[in-house]
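Below is one structure; the comments refer to it alone.
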Amino acid sequence: MITGASSGVGFAAAREFARAGADVALVARGREGLERAAATARECGRHALVLPADVTDQGALDAAVARTEAELGKLDVLVPNAAATIFGRFEDVGKAEFDRVVEATFLGAVNTVRAALPALQRTRGVIAATGSLNAMVPLPTWSSYAAAKFAERGFLHTLRLEQQAEATGVRVGIVHPGAIDTPVWETTATATGVLPRRPPEGYRPRVVARALVAMAADPRPEVTIGGEAVVLGALWTHLRPAGDLFWRAVHHYYRSGHREGSEAGALWEAAGRGSETGGLIGRPSLWAPIRMAARPARLGRAGLGLLRK
């Protein structure tokens, strides 16, 4: 089951998990994007369920998990991937909009895990979550998103230790990418009426999706994907005040954009339309295959034993 499957990394993950031999249950608010994601999975010869639901709606997620078990037989892998964003300095973002980002990004992951955990305990399954470099370093002009990702990381690590202590068999891993070429650069809500200046390039969503497949096949607590992300994490952790200087420059870079954007009301609307990329220069990662080297990449009927080692 993949949340946020109607665009970006979630859209790519639908295809990559299907290519690896898995049937997929796809969750997002918008049916249009989900249908397109499902089509890419079906082209790989796998079953794909389309499950429109908002991750802030616990009842809808409970129903999605129940339908997944009923129609696919079980749930082996959960990919919490859904997120919401709003661009603007903290003082520019209203309380309702800030809280909505945290609710969708952090509490949405919590709600998803709450719905799926009993099913995963029955299969001794895996949670392979899409984290972010900004679960470990700040992100000026995106304070609500950074706060939500910091919280999500703390929640998932705590959950991992609890599952280990109780010997449930459920494994939890997080994939932390840096900047990605996704539609978020065009669809993000903005508190200023202006979109952020886009970075010139980002990792292709399929790079992150393939890392999620590898994480599901052979979990470990967390992995940072992309050499650039590793360097930026080290700059913040070990080389302050140079790290502070870099992120202040990022603040000014994002605020130098001039393109008009949608107002904050977009946070409550389905944004995914079945697009994987967002118009940046998409590039591969030389670091990701090294980090995920020798990790099994088959999750279908012949490969599900990998999930039970």
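The values are calculated or read from the model by the stated rules, or taken from the named source; none is laboratory data. Everything numeric here is computed off the predicted structure, so don't read it as measured data. Cβ placement follows ideal geometry from the backbone for every residue including glycine, while neighbour counts extend to all protein chains displayed. Surface areas here come from the heavy atoms of the whole protein model, side chains and all, with no ligands, DNA or RNA. Shrake-Rupley method; radii C 1.70, N 1.55, O 1.52, S 1.80 Å.
Going through (1) free of Cβ contacts under 8 Å to residues at least 12 places away in the same chain; (2) more than 27 Å from residue 99 (Cβ to Cβ); (3) acidic (Asp, Glu) one by one, residue 218 falls short only on (1). Among the residues of the range 128-149, those identified as over 24 Å from residue 76 (Cβ atoms) and outside any helix (DSSP H, G or I) are 132, 136, 137, 138, 139, 140, 141, 142. Take the range 141-156 and flag every residue that is open to solvent by 20 Å² or more (accessible area, probe 1.4 Å) and in contact with a Ser or Thr (Cβ under 6 Å, 6 or more places away or on another chain). Result: 145, single match. In the range 200-239, the qualifying residues are those that are of a type in the set (Gly, Ala, Ser) and surrounded by 22 or more Cβ atoms within 10 Å (Cβ to Cβ), and the one that is nearest to residue 41 (Cα to Cα) is 209.
Once the range 200-222 is narrowed to residues that are in a strand (DSSP E or B) and charged (D, E, K, R), the residue that is nearest to residue 257 (Cα to Cα) is 201. Within the range 47-55, identify whether any single residue is open to solvent by 10 Å² or more (accessible area, probe 1.4 Å) and touching a Pro at 6+ places or on another chain (Cβ under 9 Å), and answer yes or no. Looking through the range 47-55, at least one residue is open to solvent by 10 Å² or more (accessible area, probe 1.4 Å) and touching a Pro at 6+ places or on another chain (Cβ under 9 Å). Scan the range 157-199 residue by residue and report those that are buried (at least 21 other Cβ atoms within 10 Å of the Cβ), in a strand (DSSP E or B) and among the hydrophobic types (A, V, I, L, M, F, W, C). Scanning the range 157-199 gives 172, 174, 175, 180, 189. The test for being open to solvent by less than 10 Å² (accessible area, probe 1.4 Å), under 17 Å from residue 18 (Cα atoms) and at pLDDT 95 or above holds for residue 41. In this entry, residue 264 is excluded by the filter for residues that are under 15 Å from the mean Cα position of the chain (by Cα), open to solvent by 10 Å² or more (accessible area, probe 1.4 Å) and not aromatic (Phe, Trp, Tyr). The residue that is most open to solvent (accessible area, probe 1.4 Å), counting only those in the range 56-113 that are aromatic (Phe, Trp, Tyr) and farther than 16 Å from residue 127 by Cβ, is 90. Before we move on, is residue 14 aliphatic (A, V, I, L, M) and buried (at least 24 other Cβ atoms within 10 Å of the Cβ)? Taking the combined requirement at face value, the residue satisfies it.
For residue 299, state whether it is at pLDDT below 70, under 19 Å from residue 139 (Cβ atoms) and hydrophobic (A, V, I, L, M, F, W, C). Here the answer is no, as residue 299 does not meet what is asked.
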